[in-house]
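What follows is a single structure, written as structure tokens, with notes after it.
The values are calculated or read from the model by the stated rules, or taken from the named source; none is laboratory data. Note that the structure is predicted; figures quoted are calculated from it, not measured. Please note: Cβ atoms are built from the backbone with ideal geometry, for glycine as well, and neighbour counts cover all protein chains shown.
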Amino acid sequence: MAPVKFGIGQSVRRKEDDALIRGKGRYTDDHAPPGALHALMLRSPHAHATYRIDASRAAGLPGVALILTAADVADLGDLPCQFNLPDQPFTAPPYPILPRDEVRHVGDAVAFVVADTIEHARDALEAIDVEWTPLASVVGVANAVKKGAPQVWSDHAGNLLFDASIGDKDAADAAFAAAHAVAEISIVNPRVVTNYMETRAAVCEYDARHDRLTLTVGSQGSHRLREILCRSVLKIPMEKMRVICPDVGGGFGTKLFPYREYALIAVASKKLRKAVKWTAERSDHFVGDSQGRDNVTTARMALAQDGRFLGMDVDLMGDMGAYLSTFGPYIPYGGAGMLPGLYDIQAFHCRVRAVFTNTVPVDAYRGAGRPEAAYVVERLVDAAARKLGMTPDAIRRKNFIPPKAMPYRTATGKIYDSGDFAGHMKRAMEIANWKEFPKRAKAAKRRGLVRGIGLATYVEVCGTMGRERADVRLDADGDVTVLIGTQSSGQGHATAYAQIIADQFGLPPERIHMIQGDTDLVVSGLGTGGSSSIPSGGVSVERATRKLGAQLCEIASEALETSSADLEISDGSVRIAGTDRSISFADLAKRVADPSKLTANESFSSADGTYPNGTHVVEVEIDPATGKIGLVNYVVVDDFGMTLNPLLLAGQIHGGTMQGIGQALMEQAVYDAADGQLVTGTFMDYALPRAADGASITFETRNVPCATNPLGVKGAGEAGAIGSCPAVVNAIVGGLWREYRIDHIDMPATPERVWTAIREAQRQNRQ
């Protein structure tokens, strides 16, 4: 059958966009039940303190319906951490819905106020009497592990959650003993704040007749959220809560988790028997939502004389913040598994320490440990090239895992099933006109500017969240609806799934519909994270569609008086192959009394995941007089196994790349070491990239189908954020090294930081 114009591989425009650009999107804050009350959270102004609270005066103010403090929710369970070490399990400290006597970071929650208006809620918030007794606090992992540092938790000495080892230390030590040379780096991966466009919000309605809660919330997964809230926190049967996720304005990992407000709003709604609504202000987001990254790492590479990598040793400290968020400890530990990158490194060891500080908890942020790993190894590989006097591309070619070695098991146990790493690097360099860079650098120097060019390769693991189910049904009007537990937050799932169905049924996108984010309508779901939606959910949709197609052919065989083997499906009808005899989907639906015959479901889980990989090449221009950096060229060549929709794919890559550029050049959550205050707590202080801060991105795919799922597709949602940070910084360091022998700069490479490094290098050269 000829390719369907809106099927797999076609640049179908997003179904979702028409409503969104017309202002017809429906987000949580748009949901306003009649008579709904409004809620606000009272947060700690101290990084560490004991406190006593008296809300009696505030409770008597006009319009105040309820004030919840720790004493009122003492029967609720804690927010759970859903990861533990396989070999040396740790005991997580409590993460209470409201801490009873002691707060541990600025923004920690102490009271939940419900009133008839936001204004009355705010008045009550200000009237609550809190007696604070500040305690010593600590920020930054390097400070937290120092002897005598203030303790976040008394039962976690040295502020350590765990001190674990990955790999083979003896093998790594032997490699370094035999090394011709050793390259070493010490780097900081700064903390970032997600800052999605739509802040978190929740609306809870209580049905007293059925003793049932309906929670409308902008989340990355309704089923997972319901399970955690009901089983671990509220301690109620899951059938007593319905969770609905409407349109979600960005998630990036941070909206995957349960938060305190969701439990508190449920308690308030049931107590008051009224709808209650809470919408975060941007300030709530900065101090109330999980943050990302925040690693301090020292890494060494043992080198042979010819440039081969003999071994790698890493010491990594990951900041957990004050509490353990849902997957928090997994981020540095799981990310460490990707530290060998695309390279044949047989001897590997990593020490991973998870460290408590008096800061907002840290959890998954676009890439969830894999960007951190790529940043370490790609900065280290460039340092190794400088150590041996090799070019960055030559040392990579020397050490890439070759295609003939696939499937390849890394020293950390990951199994790469496919890829041609040298191939996509070569192509990216060709597009970037790498060979002609010296000419461009000379031209820039005549203008008083410094050019730098750099590259970074990456590999990530994704599609490992578990089994995802899809239900595909034929509707009475002949349209098709897919019900699935993944959750779109801007990725274009409705379009992607429609293409998979269209590929088999020949229906146009407008006749294919998606239902997601409703625990009453969708049987199960893992939500969206880890770039799993297409590798897992997409495969489930493809299988369920194929199964439904077979059922429809059986039904049509009776109507057309022929064998189902003689039938084919195209253009929304079933026809006898090679003839004009057919029956439409709508007519088929009318012939079936049992609706179950018009629905099919399938599920899929990939135990081995997928391993997308690629190369980013960046060219920058540095003004030595100001330290300002401009991106003049950006090239990405990726291997995603198979391209479902080139437009959607490019959008994901552009978005992720810009997030990485933002972190590389300007983003950083800064806490004051003296008092633990978040200094960068507003958009006046926290810099986000704008369009002008990026560059025009040339993007290509050089796909090698993967063997771990039937579609051959590798996840793509996080890839741009993984390759971008090391590529940008390598380009900057490349220029600074050539002109000033500056071999290191930490993210964010701000103009001040670059200018200072240049001035210091010039001063030392004069001595």
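Summary table
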item	result
Any hit, the range 333-348, residues being part of a loop (DSSP other than H, G, I, E, B), within 20 Å of ASP638 (Cα to Cα), touching a Gly at 6+ places or on another chain (Cβ under 8 Å) and modelled with pLDDT of 95 or more	yes
Strands (runs of 3 or more DSSP E) lying entirely in the range 162-235 (those with 3 or more residues that are farther than 30 Å from ILE661 by Cβ and hydrophobic (A, V, I, L, M, F, W, C))	201-207, 212-217
Residues of the range 724-744 satisfying the condition of being in a loop (DSSP other than H, G, I, E, B) and either in contact with a Pro (Cβ under 9 Å, 6 or more places away or on another chain) or under 12 Å from ASP382 (Cβ atoms) (or both)	ASP743, HIS744
Number of the exception - GLY334 against (1) farther than 22 Å from ILE653 by Cα; (2) crowded, with 24+ Cβ neighbours inside 10 Å	(2)
Condition check for VAL141: at pLDDT 95 or above, β-branched (Val, Ile, Thr) and within 24 Å of ARG353 (Cβ to Cβ)	yes
One residue from ALA544, ALA577, ALA550 being crowded, with 22+ Cβ neighbours inside 10 Å and either assigned by TED's automatic domain parsing to the domain that holds LEU526 or not β-branched (Val, Ile, Thr) (or both)	ALA544
Subset of the range 490-519 (residues that are surrounded by fewer than 22 Cβ atoms within 10 Å (Cβ to Cβ) and within 19 Å of PHE252 (Cα to Cα))	GLY490, ALA494
Given (1) closer than 30 Å to LYS714 by Cβ; (2) touching a helix residue (DSSP H, G or I) at 6+ places or on another chain (Cβ under 7 Å), index of the condition THR626 fails	(1)
Checking SER533 against (1) farther than 19 Å from CYS462 by Cα; (2) under 26 Å from the mean Cα position of the chain (by Cα), the condition it does not meet	(1)
Evaluation of ILE21 against (1) outside the structural domain of TRP278 (by TED's automatic domain parsing); (2) within 24 Å of CYS230 (Cβ to Cβ) (one fails), failing number	(2)
Residue that is of a type outside the set (D, E, K, R) and part of a helix (DSSP H, G or I), where the choices are LEU455, LEU380	LEU380
VAL360 vs. criteria outside the structural domain of GLY452 (by TED's automatic domain parsing), part of a helix (DSSP H, G or I), within 26 Å of ASP294 (Cα to Cα) and among the aliphatic types (A, V, I, L, M)	no
Residue within the range 113-134 that is closer than 25 Å to VAL362 by Cα, in a loop (DSSP other than H, G, I, E, B), in contact (Cβ under 8 Å) with a residue 60 or more places away in the chain and in the same structural domain as LYS277 (by TED's automatic domain parsing) present	no
Total residues in the range 415-444, condition touching a residue at least 40 places away in the same chain (Cβ under 8 Å) and in a helix (DSSP H, G or I)	13
Cβ pairs under 6 Å, 6+ apart, first in the range 228-247 and in the same structural domain as PRO258 (by TED's automatic domain parsing) and within 25 Å of ARG26 (Cβ to Cβ), second at pLDDT below 95 and surrounded by 18 or more Cβ atoms within 10 Å (Cβ to Cβ)	CYS245/GLN487
Residue in the range 30-44 that is among the basic types (Lys, Arg) and loosely packed, with under 12 Cβ neighbours inside 10 Å present	no
Qualifying residues in the range 442-493 (those that are out of contact with any Lys or Arg (no Cβ under 6 Å at 6 or more places or on another chain) and among the hydroxyl-bearing types (Ser, Thr, Tyr)) - the one modelled with the lowest pLDDT	THR464
Strands (runs of 3 or more DSSP E) enclosed by the range 1-111 - at least 3 residues per element that are at pLDDT 95 or above and in contact with a Ser or Thr (Cβ under 8 Å, 6 or more places away or on another chain)	49-54
Verdict on VAL632 being surrounded by 22 or more Cβ atoms within 10 Å (Cβ to Cβ), assigned to a strand (DSSP E or B), touching a strand residue (DSSP E or B) at 6+ places or on another chain (Cβ under 8 Å) and among the hydrophobic types (A, V, I, L, M, F, W, C)	no
Meets criteria (crowded, with 21+ Cβ neighbours inside 10 Å and under 27 Å from ALA607 (Cα atoms)) for TYR375	yes
Any pair with Cβ under 9 angstrom, 6 or more apart, that starts in the range 541-558 at a residue that is without any contact (Cβ under 8 Å) to a residue 60 or more places away in the chain and ends at one that is among the aliphatic types (A, V, I, L, M) and in a helix (DSSP H, G or I)	GLN551/LEU598; CYS553/ALA565; ILE555/LEU588; ILE555/LEU598; ALA556/LEU588; SER557/ALA565
Enumeration of residues in the range 398-414 that are surrounded by fewer than 14 Cβ atoms within 10 Å (Cβ to Cβ) and either touching a residue at least 24 places away in the same chain (Cβ under 8 Å) or not in a strand (DSSP E or B) (or both)	PRO402, LYS404, ALA405, PRO407, GLY413
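Rundown of residues vs (1) more than 23 Å from LEU229 (Cβ to Cβ); (2) of a type in the set (Asp, Glu), yes/no style:
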{"site": "ALA39", "(1), (2)": "no, no"}
{"site": "GLY63", "(1), (2)": "yes, no"}
{"site": "ASP78", "(1), (2)": "no, yes"}
{"site": "PHE83", "(1), (2)": "no, no"}
{"site": "ASP87", "(1), (2)": "yes, yes"}
{"site": "PRO94", "(1), (2)": "no, no"}
{"site": "PRO99", "(1), (2)": "no, no"}
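Let's see how each residue does on (1) surrounded by fewer than 24 Cβ atoms within 10 Å (Cβ to Cβ); (2) in contact (Cβ under 8 Å) with a residue 40 or more places away in the chain; (3) not assigned by TED's automatic domain parsing to the domain that holds LEU66:
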position: LYS270; (1), (2), (3): yes, yes, no
position: LYS277; (1), (2), (3): yes, yes, no
position: GLU281; (1), (2), (3): yes, yes, no
position: MET301; (1), (2), (3): no, yes, yes
position: GLY311; (1), (2), (3): no, yes, yes
position: ALA322; (1), (2), (3): no, yes, yes
position: PHE327; (1), (2), (3): yes, yes, yes
position: ILE345; (1), (2), (3): no, yes, yes
